[in-house]
Amino acid sequence: MAITNLESAQSLFVGQGDIIVFDAINDYGTADLTSLTNPKSLGQIHEDSSDWTGDDVSVEEIRDEQGDLITATVSAGTLAFEFNIASTSQTVIETFLKGVGISSAALAAIWPTPSEGTAPTVTAVGFGVDLPVITRPIGWLNDEKKRLLLFPKGKITSNLTINDGLLEVHCAVMAEYVDRPSLKTGMVFSSSAEAAYGD
């Protein structure tokens, strides 16, 4: 029997070129690819913070009294990754930490300024009240931005962290189960053209 190659050339997924988040999907029971709307680049992600955190498939062996294998039960692994967003803008905090913009005339009054200076423009965002968990489609682009690992139903949990002296938003993503004709729990897209997200 002749042995042939499974594929004529390897298709590699290398590096991280961008992280893309989409608007939340209201009803996964009827969702399809057109439900992936308003893609946004998360901008600068701290170097070396992007990491795969998914668990491998686990196998539990069932043996007889002599130690011989009877059968094995298999539990599916998980699809998960994490990253640190370098920005702590109001938009990022509102989106990932469920922050709320604070509107008060007293904001400028509490900011110390020289007596001869003019009152500064001061904004504030509060967080830490609601559990910072959101569910959205989210994707990881490879270094060439021609392949996309997509979780259509990504559960994203976030918190603040300090990395190399920089205050950042740390996000952990886990793919939740989806089984629709054009949406699956995990998906890999490939294109001949570079993705233009964030341009």
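FYI, it's all coordinate maths here, none of it is from the lab. Computed from a predicted model, the values in this text were never measured in an experiment. Positions of Cβ are backbone-derived with ideal geometry, glycine not excepted, and every protein chain shown enters the neighbour counts.
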Residue by residue through segment 171-185, which ³J(HN,Hα) values in whole Hz follow from phi under the Karplus form 6.51 cos²θ - 1.76 cosθ + 1.60 (θ = phi - 60°), with glycine and proline marked x? 10, 10, 10, 10, 6, 9, 4, 9, 9, 10, x, 10, 10, 10, 3
I need the peptides 103-110, 169-176 ranked by packing, meaning the mean over residues of other C-beta atoms within 10 angstrom, with the highest value on top. 169-176, 103-110
Simple spin-label estimate for Ser190/Lys155, 7 Å along Cα→Cβ, in nm, reads 3.1
Specify which labelled value, from (i) 99, 49, 38; (ii) 88, 49, 39; (iii) 69, 29, 24, agrees with Cα extents along the principal axes in Å derived from the coordinates of the model shown. (ii)
In whole Hz, with x marking every Gly and Pro, tabulate ³J(HN,Hα) for segment 104-112 from phi via Karplus 6.51 cos²θ - 1.76 cosθ + 1.60, θ = phi - 60°. 7, 5, 7, 4, 5, 5, 8, 8, x
Quick check: the distance between the Cα centres of segment 149-199 and segment 122-143, to the nearest angstrom? 12
What is the magnitude of the charge dipole of segment 27-96 about its Cα centre, with +1 placed on the Cβ of each Lys and Arg, -1 on the Cβ of each Asp and Glu, and no other charges, expressed in debye to the nearest 20? 500
Identify all aspartates and glutamates with a Cα-Cα distance to Lys153 below 16 Å; exclude those on the same chain that are fewer than 8 residues away in sequence. Asp23, Asp27, Asp32, Glu82, Glu176, Asp179
Nearest 20 debye, what's the magnitude of the dipole of the chain about its Cα centre given +1 on Lys and Arg Cβ and -1 on Asp and Glu Cβ? 760
How far apart, in nanometres, would the label points at Val125 and Ile102 be if each is projected 7 angstrom from Cα along the Cα-to-Cβ direction? 1.4
Across Lys40/Lys145; Lys155/Lys184; Lys40/Lys184; Lys98/Lys145; Lys146/Lys184, pairs whose alpha-carbon gap is larger than 18 Å: Lys40/Lys184; Lys98/Lys145; Lys146/Lys184
